[in-house]
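Chemist: Provided herewith is a single structure, encoded as structure tokens, for subsequent inquiry.
The values are calculated or read from the model by the stated rules, or taken from the named source; none is laboratory data. Here the structure is a predicted model, which is why all the values come from computation and not from measurement. Reconstructed Cβ throughout: ideal geometry from the backbone, glycine too, with neighbour counts over all protein chains shown.
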Amino acid sequence: MASTRFLTLLLAGALAVPTAALAQEPKPATPAPAPKVEGKKDAAEAEGILKKCMEASDSKKPMSCDLDLTVNIMGMTMKGAGKLSMSGDGKSRNDLSMDIPMAGGKTRTLAVLDGTNFWLVQEMPPPIGKHTIKSAAAEMETLNKKMGMGMPSGGGSSQDPASQLHNMKQMYAFDTVEEIDLDGKPGYAVSGELSKTAAEKLSKDMPGAGMMAAMMKRCRILISKSDFRMMGMEMVGTGGEKFMTMMYKNINNDPKFAADTFTYVPKEGEKVETMDQFMRSMGAFMGGGGDEDEDEDEAPAKPAAKPASKPAQKPG
């Protein structure tokens, strides 16, 4: 439901503060053991369940739900909660807040797709602070494709369940099926490993994503067995630890939205950045080398060359 790109940006921002703070922590002496993969390997069955899940998710119908997020990293557990709203005609609003114990504060990530533009507002503890990003929906589509996330054309549908599954299938090789309990009801967990191509693109194009790729080694899609609706998603690290769990609760297929739900208007004096500017600043903060690129962009323009002077004429 929440798009892959939204989650990646959210986690990049949320991880920036604790990652920088723990940069000098001693590393484990021994590598983590290989993860134990539960369930049976059956790529055909996995594909069949995901296909039914995509069919059960209709992006052309309005929907809203509550979000419940848990992130485990560096000995910390960070809890998040929010709300996802889908208009049914290509507009969406994703509002999520998260506690960061080490930073002693909260983060808030608001993503609004108004049908034409994608607005992303990141509010984080110092020294990062608040960033407001505006990008054309078409630009976000191009960036998603560049990163191998396979966002389908149309831009505005990236946060609906069917599009998210499409995105995930571009990144993960789903080949394992497990029968699980979902809040007392039968369900499926369909999982797969992050492809080498996706990991390379993620590490190249996102600040701090090299570390994130290891934490997102496997993806588990949690699906209701009764109606094949997507109920959640888990990211599992190289050692088998659950790095992130996102659950979708109180799903409403007949929501009533306020008139301004799918709009965002910056306040007077609020600085608005492009996505490229934001990514460079995050890369610089997390040691990604963003300063160099930014310096190049902000270097003063060279003065225009003076026209060549004509050779002096000899007196006649």
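Chemist: Taking the stretch 100-140 on its own, how many of its residues are of a type in the set (Gly, Ala, Ser) and under 18 Å from the mean Cα position of the chain (by Cα)?
Modeler: 5
Chemist: Now for a different question. Taking the condition surrounded by fewer than 19 Cβ atoms within 10 Å (Cβ to Cβ), of a type in the set (A, V, I, L, M) and either within 20 Å of PHE257 (Cβ to Cβ) or at pLDDT below 90 (or both), does ALA103 pass?
Modeler: no
Chemist: Could you please let me know if PHE285 is surrounded by 10 or more Cβ atoms within 10 Å (Cβ to Cβ) and either over 23 Å from the mean Cα position of the chain (by Cα) or at pLDDT below 90 (or both)?
Modeler: Yes.
Chemist: Turning to a different aspect of this structure: Among the listed residues SER163, SER157, SER135, identify the single one that is modelled with pLDDT of 80 or more, within 20 Å of MET86 (Cβ to Cβ) and of a type in the set (Ser, Thr, Tyr).
Modeler: SER135
Each row is one residue, and each column tells you yes or no for (1) at pLDDT below 90; (2) out of contact with any helix residue (DSSP H, G or I) (no Cβ under 8 Å at 6 or more places or on another chain).
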{"site": "ALA32", "(1), (2)": "yes, yes"}
{"site": "LYS40", "(1), (2)": "yes, yes"}
{"site": "ALA44", "(1), (2)": "no, yes"}
{"site": "GLU47", "(1), (2)": "no, yes"}
{"site": "LYS51", "(1), (2)": "no, yes"}
{"site": "ASP58", "(1), (2)": "yes, no"}
{"site": "LEU69", "(1), (2)": "no, yes"}
{"site": "MET76", "(1), (2)": "yes, no"}
{"site": "LYS83", "(1), (2)": "no, yes"}
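Chemist: I want to confirm something. Restricting to the stretch 266-281 and keeping residues that are aliphatic (A, V, I, L, M) and part of a helix (DSSP H, G or I), which single residue is surrounded by the fewest Cβ atoms within 10 Å (Cβ to Cβ)?
Modeler: Only one residue fits best here, namely MET275.
Chemist: Here's something else I'd like to know. Would you check which residues across the stretch 209-265 are part of a loop (DSSP other than H, G, I, E, B) and β-branched (Val, Ile, Thr) and list them?
Modeler: Scanning the stretch 209-265 gives THR238, THR261, THR263, VAL265.
Chemist: Could you give every pair whose Cβ atoms fall below 6 Å, whose first residue belongs to the stretch 80-96 and is of a type in the set (Ser, Thr, Tyr), and whose second residue is part of a strand (DSSP E or B), counting only separations of at least 6 or pairs across chains?
Modeler: Going by the 6 Å Cβ cut-off, the qualifying pairs are SER85/SER64; SER85/ARG93; SER92/MET86; SER92/LEU113.
Chemist: For the list (1) at pLDDT below 95; (2) farther than 29 Å from MET78 by Cβ, I need the number of the one condition that MET275 fails.
Modeler: (2)
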